[in-house]
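*Asks:* Below you will find the structure I want to go over with you.
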Amino acid sequence: MILRHVTVDCADPYALATFWSAVTGWPIAEEDGPGADEALVESPSEVPGLLFLRVPEDKTVKNRIHFDWMPTERSRDEEVRRILDLGATLYEDHRSADGLGWVTLLDPEGNEFCVERSAAERAG
């Protein structure tokens, strides 16, 4: 069995896909555009894509599942600054003085996700 997509309910699929495309560097499917009821952020092979589906209700409670991202080209703190500049909001900061920890952010529709230390930071 293969995990094909992680699906996220949202109010504006294309806008949220645009944010996540900027975060990940993955493209939005060519057939998806503004106003569509769904938008797919296409991932590299062997990694599930991110599928955003329009639903009528707003998000009202904490997510029961969320993404944990580990930067590959930047440090955790550099990645957090970059994602905040893309439109995320700081939710909880779990960084400690010794450099350990993670940061929980909210995407533009309020979905929680975490940014952990990079592999280089973990090795160092």
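*Asks:* Rounded to the nearest 10 degrees, what's the angle between the helix 76-85 long axis and the longest principal axis of the chain, both from Cα atoms, 0 to 90?
*Replies:* 40
*Asks:* Can you order the peptides 14-25, 60-71, 29-40 by their average number of other Cβ atoms within 10 Å per residue, highest first?
*Replies:* Listed from highest to lowest mean packing, they are 14-25, 29-40, 60-71.
*Asks:* While we're here: Mind jotting down the distance between the C-alpha centroids of the stretch 9-46 and the stretch 50-124, whole Å?
*Replies:* 17
*Asks:* First select every other residue whose beta carbon is under 11 angstrom from the beta carbon of V23; then total the charges, Lys and Arg +1, Asp and Glu -1.
*Replies:* Taking every Cβ under 11 Å from that of V23, the sum is -2.
*Asks:* Follow-up question, since we're still on this one. So what's the angle, to the nearest 10 degrees on a 0 to 90 scale, between helix 13-24 and the longest Cα principal axis of the chain?
*Replies:* Orientation of helix 13-24: about 30 degrees from the principal axis.
*Asks:* Please state the charge dipole magnitude for the stretch 63-124, taken about the Cα centre, from unit charges on C-beta atoms (+1 on K and R, -1 on D and E), reported in debye and rounded to the nearest 20.
*Replies:* In total the dipole reaches around 120 debye.
A short reminder: the numbers here are calculations on the coordinates, not readings from a lab. Quantities reported herein were computed from a predicted structural model and do not represent experimental measurements. Using ideal geometry, Cβ is built from the backbone for each residue, glycine included, and neighbour counts are taken over all protein chains shown.
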